[in-house]
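Just so it is clear, none of the values below were taken in a lab; they were calculated from the coordinates. Remember, it's a predicted structure, so these values are computed and weren't measured experimentally. Ideal geometry is used to build each Cβ from the backbone, glycine not excepted, and the neighbour counts take in all protein chains shown.
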Amino acid sequence: MTGAAGARWRVSAIFLLHGIMVANWFARIPAVQEKLGLRVGALGMALLFSTAGALCGMPLTSRLVGRFGSARVTRFSTIVFCLVLPLPACVTKAWMLGPSLFAFGWAAAAMDIAMNTQAVVVEHALGKPVMSSFHALFSLGGMAGSAMGGVAASLRLSPPVHLMAIVPLLIAAAAYATRDLLEDQHESTPAAIPIHWTRHLASLWGVGAIAFCVLMGEGAMADWGAVYVGSLHGVSSGVAAAGYAVFSVAMAAGRLLGDRLRSRFPETVIVRRGAVLASLGLFAGLAQGALPGALVGFACAGLGFSTIFPILTFRGGRVPGIAPQAGIAAVTAMGYAGFLFGPPVIGGLAQLTSLRVGLCVLPLLSAAAALLTRAALEAAARPQPVSPG
């Protein structure tokens, strides 16, 4: 299979691989924490290095994609991420974890920006919506990677042995998946220019603000979903894990349906209604204060959030006059900021009040995203001025 159709399946495999790699590491964080004897606060500070690496890596990746094309950078960054994956698990001293996670975050972000830029190229070549299906494969890869990590832990494999053992398999899969990707169509953005944060304020900050709100919700669900369910009356620790599981399954299901929705409805309608669904579902679930309401609310959040970030990523890569990789990097960076700051903000509010009250930030942010949608997406579609000189 060649051309755009073949590239679609290869990019799908790349997104799947990305999810598998990230989730394999996430699944072994508790074991690394135990090995290094880290307290929760110290682990949290170390994990911030991963996000810092991602935020630092995005601008450089944007420049590399602009110079060498998304196909070549996707191929290179995928192999690099495979090689970097075991690094945080192999450290022997606590102080080594932060720098290793910085490299991990940098490599993960480089692959993220390159593969999303290639996804925009593929969708443009196919002439039909496919971006949500790519992100669905990332979600499914996350589930598969979590299962792999769980099996490795149950077999008592140490994190270094586990992650180093899968590297050859990942590299082989990456070498196959990154063959024959599509070259970037630079003629589709003849006035491609670097980001100017005041000149392009309306185009990118609106979309980025929605990404911030949505990824703050995703980060909070990942960090606090199971904790909140476990805090409810009569809920066992085993059932508590269902909180994030329901959210994840709903998100994957929504992304599998996302491209069909995009072919039938305007993206503005999908984003706004998704944000409203997440807001109302979370508010009702938190107000009910029991297990059934929590699970229904988390499912609504997963379905509501599912299609929003793929659409925002695509829109960031299609802002007229802005290089696709630069727009994607900008939107993704603002989303990552929400993913970074959301969990500690909610934790701080929970410390002052309760976790239930802290989580009420999420329906409010989802409602704000719904209100921003029309203006933000319309602004992102307007032609941009070219910098003088």
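Once the Kirkwood radius over Cα pairs is known for region 259-367, the Stokes-Einstein relation at 10 °C and 1.306 mPa s delivers a diffusion coefficient of 105 µm²/s.
A simple spin-label model places pseudo-atoms 7 Å from Cα toward Cβ; at CYS90 and MET143 they are separated by 3.2 nm.
Among LEU359, ALA108, SER203, pick out the residue whose Cα is farthest towards the positive end of the charge dipole of the chain, where Lys and Arg carry +1 and Asp and Glu carry -1 on C-beta, about the Cα centre. Farthest towards the positive end: SER203. Counting neighbouring Cβ atoms within 10 Å and putting the fewest first, the residues VAL269, VAL22 line up as VAL269, VAL22.
Here the chain is assigned +1 on the Cβ of each Lys and Arg and -1 on the Cβ of each Asp and Glu. Its dipole about the Cα centre then comes out at about 120 debye. Sorted ascending by nearby beta carbons within 10 Å, beginning with the fewest, ILE270, ILE79 become ILE79, ILE270.
Considering only TYR228, THR117, VAL80, the residue lying farthest towards the positive end of the dipole of the chain is THR117, judged by Cα position with unit charges set on Cβ.
Among the helices of the chain, those built from whole DSSP H runs whose Cα atoms reach 18 Å or more along their own axis and whose mean Kyte-Doolittle hydropathy is at least -1.0 are 3-36, 40-68, 70-84, 94-126, 131-154, 159-177, 201-231, 242-264, 267-288, 291-306, 324-352, 361-380.
For the residues HIS162, HIS124, what sequence is obtained by ranking on other C-beta atoms within 10 Å, fewest first?
Details: HIS162 22, HIS124 17.
If I rank by nearby Cβ atoms, fewest first, I get HIS124, HIS162.
Extending 7 Å from Cα along the Cβ direction at ALA175 and again at ALA290 yields two label points whose distance is 5.8 nm. The reciprocal of the average 1/r between distinct C-alpha atoms defines the Kirkwood hydrodynamic radius, which for the chain equals 21.1 Å.
Residue separation of SER263 and VAL345 scaled by 0.36 nm, minus their Cα-Cα distance, works out to 25.8 nm of gained length.
In whole percent, what relative contact order does the chain give with Cα contacts below 8 Å and a gap of six or more residues? Here the relative contact order equals 23 percent.
Counting each DSSP H run of 4 or more residues in the chain as -39500 (n - 2.57), what helix-only mean residue ellipticity at 222 nm follows after dividing by all residues, to the nearest 500 deg cm²/dmol? Write down the numbers at each step before the final one.
Values: 16 runs with 317 residues, N = 389.
Theoretical 222 nm ellipticity from helices: -28000 deg cm²/dmol.
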